Amino acid sequence: MTLAVQIRQHGGPEELQIVDVQVGDPGPGEVRIRHHAVGLNFIDVYHRTGLYPLSMPAGIGMEAAGVIEAVGEGVTHLKAGDRAAYASQPPGSYCEVRVMPAKCVCRLPDAIGFETGAAMMLKGLTAQYLLKKARPVEGLEPGDYVLFHAAAGGVGLIACQWARALGLRLIGTAGSDAKCQLALDNGAAHAINYAREDFAARVKEITGGKGVKVVYDSVGKDTWDKSLDCLRPFGLMASFGNASGPVPPFAPGMLGAKGSLYVTRQTLFSHIATREATQAMADDLFAVVESGQVKIHIAQRYALTDVQQAHRDLEARKTTGSTILTLP
Ligand SMILES: NC(=O)c1ccc[n+]([C@@H]2O[C@H](COP(=O)([O-])OP(=O)(O)OC[C@H]3O[C@@H](n4cnc5c(N)ncnc54)[C@H](OP(=O)(O)O)[C@@H]3O)[C@@H](O)[C@H]2O)c1
C-alpha cells in the first residue's frame, strides 16, 4: 500500500483526501515510478474544481520526478533504477508510487535534481512550445516584443528567462510590484502590474504604439479583451489557460476589426502526443536548464499531506515560481 491523493467529487481544496492505494506491476508500455518530489500546477486546480472534468474517484497531479522501479513489456527507453521525470496524462502524480504510461516519462540528466525535475517538466515544456512553436505567422526575431501574462508564476518565470536567452523582449504582467520585480530579475525586459495599471496602454507606450507580435495569455477571462488590443496587425493571441476563468465566446469578426489577428488555444498534451516529440522537447528544456540560462525557482514546498493548503495558496495568488509537494 502507498499514499496517494484522490478526489471523490469535484469541489474545493477540502476534496483532496489522502488515501492508501494498492500499486501493482506495470503492464505493456507502462512503468512503475517511485516519486521523490511532485510538481504542483494550475491544471490541478481545474481538475479538482471540474473545469476540466474527471471520472471519479480521481487521482490529481500531472508532474513528478523519481526513480523507475519496474518497466512493462515494450518499454525500451527506461529501465529499473533510472532517474526520471515527467509531465503526463493521466492525472495521478500526487502519490508516492504509481504505475503510468511510459511514453512521456523521460530520463532525468544527472545534473538535474529530483526537486528541480518535478518543478520544471510541465511548466518548462509549456514554455518550450509557447516560445518555439506557438509562433506568429511573421515569425519571432531577436529584439521582438512579446507579452506574457502572470510572468512571475511557474510557467512565467521560466518563460521570462527563456525569452531572454532567445533575445526576445518579454513584457511581463503580474499582480503586485514584488512579482513584477521578480519577473524583471528573471529576464523580463519590462513588467506591468496589471492590478493597478492599464496593461494595454502600457504595452502601446513601451512598443512605441506598434504593439506586440504575440500575447501569451494563461489568465483568460480577465485579460482576454485587453490582450487583443496589445497586438500588432496579424499578431497572434496564444491563449493557454484560464486562471481567472474561461474566455467567453466571441465573434470572429472582431479579430478582423482589430487588425486581422490570429487566435490559437493550445495545450501541452497535443505537443507531447508521441514519445519522440516529448523527448525532443525535454532535451531542449534539459539543455537550457543545464546551461544555466534557465533556473528553476522552487519558491514553495509543502508536504504531500498539506496539499489542501498548497491548492489554497496557488488559487489565492500567493505563490511565485514553481511549487513542489515533498514526500515522507
Ligand atoms: N495549455 C497548456 O499547455 C498549459 C500548460 C501549463 C500551464 N498552463 C496554464 O498556465 C498558467 C500558469 O500555470 P502555473 O501552474 O505556472 O500557475 P502560476 O502562474 O504559478 O499561477 C497562476 C497565476 O495566475 C495569475 N492569476 C491571474 N488571475 C488569477 C485569478 N483570478 N486566480 C488565480 N490566479 C490568477 C496569478 O499571478 P498574478 O498574481 O501575478 O496575476 C497566479 O499566481 C495557468 O493558467 C495554467 O493553467 C497551460
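The values are calculated or read from the model by the stated rules, or taken from the named source; none is laboratory data. What you are looking at is a predicted structure, and each value in this text was computed from that prediction instead of being measured. Reconstructed Cβ throughout: ideal geometry from the backbone, glycine too, with neighbour counts over all protein chains shown.
From ALA178, ALA195, which residue is surrounded by fewer than 17 Cβ atoms within 10 Å (Cβ to Cβ), of a type in the set (A, V, I, L, M, F, W, C) and assigned to a loop (DSSP other than H, G, I, E, B)?
Criteria check complete, one pass: ALA195.
I need the full set of residues from the stretch 198-233 which are within 18 Å of PRO136 (Cα to Cα) and hydroxyl-bearing (Ser, Thr, Tyr), in order please.
THR207, TYR216, SER218, SER227
Of the residues TYR129, TYR52, TYR86, TYR46, only one is touching a Leu at 6+ places or on another chain (Cβ under 9 Å) and closer than 24 Å to ASP306 by Cβ; which?
TYR86
Which residue out of ARG34, ARG48 is within 13 Å of the ligand (Cβ to nearest atom) and either at pLDDT 95 or above or not hydrophobic (A, V, I, L, M, F, W, C) (or both)?
Numbers: ARG34 fails: within 13 Å of the ligand (Cβ to nearest atom).
Just a single option satisfies the conditions, and that option is ARG48.
List pairs: first residue in the stretch 25-53 and closer than 16 Å to VAL5 by Cβ, second residue in a strand (DSSP E or B) and among the hydroxyl-bearing types (Ser, Thr, Tyr) anywhere in the structure, Cβ distance under 7 angstrom, at least six positions apart or on different chains.
ALA37/THR326; GLY39/SER322; LEU40/THR323
If I ask for residues that are out of contact with any Leu (no Cβ under 7 Å at 6 or more places or on another chain), within 30 Å of LYS210 (Cα to Cα) and of a type in the set (Gly, Ala, Ser), which ones from the stretch 247-306 would you list?
Of everything in the stretch 247-306, those that are out of contact with any Leu (no Cβ under 7 Å at 6 or more places or on another chain), within 30 Å of LYS210 (Cα to Cα) and of a type in the set (Gly, Ala, Ser) turn out to be ALA251, GLY253, GLY256, ALA257, SER260.
Can you tell me which condition MET254 does not meet? The list is (1) more than 16 Å from the ligand (Cβ to nearest atom); (2) within 16 Å of the chain's Cα centre (by Cα), and all the others hold.
Every condition holds for MET254 apart from (2).
How many residues are touching a residue at least 12 places away in the same chain (Cβ under 8 Å), more than 19 Å from the chain's Cα centre (by Cα) and under 15 Å from GLN9 (Cα atoms) if we restrict to the stretch 55-67?
So the answer is 3.
Rundown of residues vs (1) under 16 Å from THR320 (Cα atoms); (2) charged (D, E, K, R), yes/no style:
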site	(1), (2)
GLY139	no, no
GLY167	no, no
ASP177	yes, yes
LEU184	yes, no
HIS190	no, no
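Sort out which residues of the stretch 21-42 are of a type in the set (A, V, I, L, M, F, W, C) and in contact with a strand residue (DSSP E or B) (Cβ under 7 Å, 6 or more places away or on another chain), and write them in order of number. Give the derivation first.
Within the stretch 21-42, the subset of a type in the set (A, V, I, L, M, F, W, C) is 21, 23, 31, 33, 37-38, 40, 42.
Listed by number, the residues that qualify are VAL21, VAL23, VAL31, ILE33, ALA37, VAL38, LEU40.
Restricting to the stretch 198-218, and then to whatever is in contact with a Leu (Cβ under 7 Å, 6 or more places away or on another chain) and not in a strand (DSSP E or B), can you tell me which residue is nearest to the ligand (Cβ to nearest atom)?
By that ranking, first place goes to VAL203.
All but one of (1) within 18 Å of the chain's Cα centre (by Cα); (2) at pLDDT below 95 hold for ALA127; state the number of the condition that does not hold.
(2)
I'd like to check something: does the stretch 220-230 contain any residue that is crowded, with 19+ Cβ neighbours inside 10 Å, aliphatic (A, V, I, L, M), closer than 27 Å to HIS311 by Cα and not assigned by TED's automatic domain parsing to the domain that holds THR319?
no
At least 3 residues that are closer than 30 Å to TYR94 by Cα in each: list the helices (runs of 4 or more DSSP H) lying fully within the stretch 226-305 that qualify.
Numbers: elements: 253-257, 268-271, 275-290.
Counting at least 3 such residues, we get 268-271, 275-290.
Could you list all residues from the stretch 123-175 that are more than 10 Å from the ligand (Cβ to nearest atom), buried (at least 24 other Cβ atoms within 10 Å of the Cβ) and part of a strand (DSSP E or B)?
Passing the criteria: VAL146, LEU147, PHE148, LEU170, ILE171.
Consider LYS221 carefully, then state whether it is among the charged types (D, E, K, R) and in a loop (DSSP other than H, G, I, E, B).
Yes.
Restricting the search to the stretch 258-297, which residues are away from the ligand (no atom under 16 Å from the Cβ), of a type in the set (A, V, I, L, M) and farther than 13 Å from GLN128 by Cα?
LEU261, the sole residue that qualifies.
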